[in-house]
Amino acid sequence: MARIAFIGLGNMGGPMAANLVKAGHEVMGFDLAAPVLQAAEETGVKPASHISQAVMEAETVVTMLPQGKHVLTAWPDILKSVPAGTLVIDCSTIDVESARKAHEMAKAAGCLSLDAPVSGGTGGATAGTLTFMAGGSDESFAKAKPILEKMGKKIVHCGEAGAGQAAKICNNMILGISMIGVCEAFVLGEKLGLSHQALFDVASTSSGQCWSINTYCPVPGPVPTSPANNEYKPGFAAALMLKDLRLSQEAALSSGASTPLGAEAAQLYALFEKQGNAGKDFSAIIEMFREQR
Ligand code: NAD
């Protein structure tokens, strides 16, 4: 049993911390939002009244916060309250530059650090089946792995500081682009009089196959578990897809990579969000293509 501090107990952090409690760890948590902290308490997390109190006794600290600016605000408070050698893991999805800054802060404080963003959404967080993409030293990864295994089913060490965030935004850029491609094909099929099932039967077993069609088909019917069958309730909200596509574009700009389709996907999701669809599943973007001519 380890003493773990968990900072940020929202939609993802709440169930992740609950899984650490279920695994027998002693978890002390903190969140700026009182109702969120209260909900975590009901799952066995001990509530702290501020970050320093939560982390003071911890051997490992996990953060699960909205954006890079939140991580860069919380980490100095954490690092000044823990002894050297403590492991700090950030599971938020943030920009690579902020992730590297956080690693530098930890190094200066003599602490171990890991960026370990996740995929799998709130369903995966609750079921303990997340995929973790980790960046940091071998020593940090080895120490973090048994803890991450209580919250996920696949843990990949992607490389040094920031490599986890890099893998996450590259993966989600592929996902955003491929979903748009699949949506366009279904709308074209509709115009050509092709049934959804016929296109699915062909494309899901041919060279067009990909996760966006085989597992998450954006029209109701062919894949019963996809959000299309549930009025496009997320799932993975369009706002989060837009966030990740924007992170990919920031990274492309700063690294000099050419990502024209990633840029187009970011613009299309920005338009979709502007039309009031931020809270819908990201596959609902098919509705925008039906309306556009
Ligand atoms: P959320 O908004 O539900 O939770 C974030 C929590 O952090 C909030 O409760 C907020 O009060 C708290 N917080 C903010 N600043 C804080 C601080 N300084 N100290 C303590 N608490 C603070 O967000 P979420 O959906 O849980 O997402 C968290 C991260 O996980 C994001 O980076 C998101 O992109 C990523 N992510 C989310 C999903 C998803 O499906 N929701 C999937 C994969 C990755």
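Read-outs throughout are calculated quantities, based only on the coordinates presented, and are distinct from any laboratory measurement. None of the values given here were measured: they were computed from a predicted structure. Cβ coordinates were reconstructed from backbone atoms using ideal geometry, including for glycine residues, and neighbour counts include every protein chain displayed.
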Any hit, the range 138-149, residues being within 30 Å of Lys233 (Cβ to Cβ) and under 15 Å from the mean Cα position of the chain (by Cα):
yes
Which pairs have Cβ atoms under 8 Å, sit 6 or more apart or on different chains, and link a residue in the range 29-43 that is touching a residue at least 24 places away in the same chain (Cβ under 8 Å) to one that is in a loop (DSSP other than H, G, I, E, B) and acidic (Asp, Glu)?
Leu37/Asp31; Ala40/Asp31
For the range 55-95, name all the residues that are near the ligand (Cβ under 9 Å from one of its atoms), in contact (Cβ under 8 Å) with a residue 40 or more places away in the chain and part of a helix (DSSP H, G or I).
His70, Ala74
Any hit, the range 62-84, residues being more than 16 Å from Ser113 (Cβ to Cβ) and touching a Phe, Trp or Tyr at 6+ places or on another chain (Cβ under 9 Å)
no
Subset tally (residues that are touching a His at 6+ places or on another chain (Cβ under 9 Å) and either surrounded by fewer than 19 Cβ atoms within 10 Å (Cβ to Cβ) or of a type in the set (Phe, Trp, Tyr) (or both)) for the range 143-168:
3
Just need a number here: residues in the range 230-268 that are farther than 13 Å from Asn172 by Cβ, of a type in the set (Ser, Thr, Tyr) and over 20 Å from the mean Cα position of the chain (by Cα).
3
For the range 30-41, how many residues meet the condition of being in a helix (DSSP H, G or I) and crowded, with 24+ Cβ neighbours inside 10 Å?
1
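Okay, residues lined up against (1) away from the ligand (no atom under 14 Å from the Cβ); (2) under 16 Å from Thr126 (Cα atoms):
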{"site": "Gly14", "(1), (2)": "no, yes"}
{"site": "Val36", "(1), (2)": "no, yes"}
{"site": "Gly44", "(1), (2)": "yes, yes"}
{"site": "Ile51", "(1), (2)": "no, no"}
Just to verify a result, which residue in the range 111-132, among those that are among the small types (Gly, Ala, Ser) and near the ligand (Cβ under 10 Å from one of its atoms), is surrounded by the most Cβ atoms within 10 Å (Cβ to Cβ)?
Ala125
Is at least one residue of the range 96-110 surrounded by 17 or more Cβ atoms within 10 Å (Cβ to Cβ) and assigned to a strand (DSSP E or B)?
no
State which residue is surrounded by the most Cβ atoms within 10 Å (Cβ to Cβ) when the search covers only the range 1-29 and only residues that are among the small types (Gly, Ala, Ser) and not in a loop (DSSP other than H, G, I, E, B).
Ala5
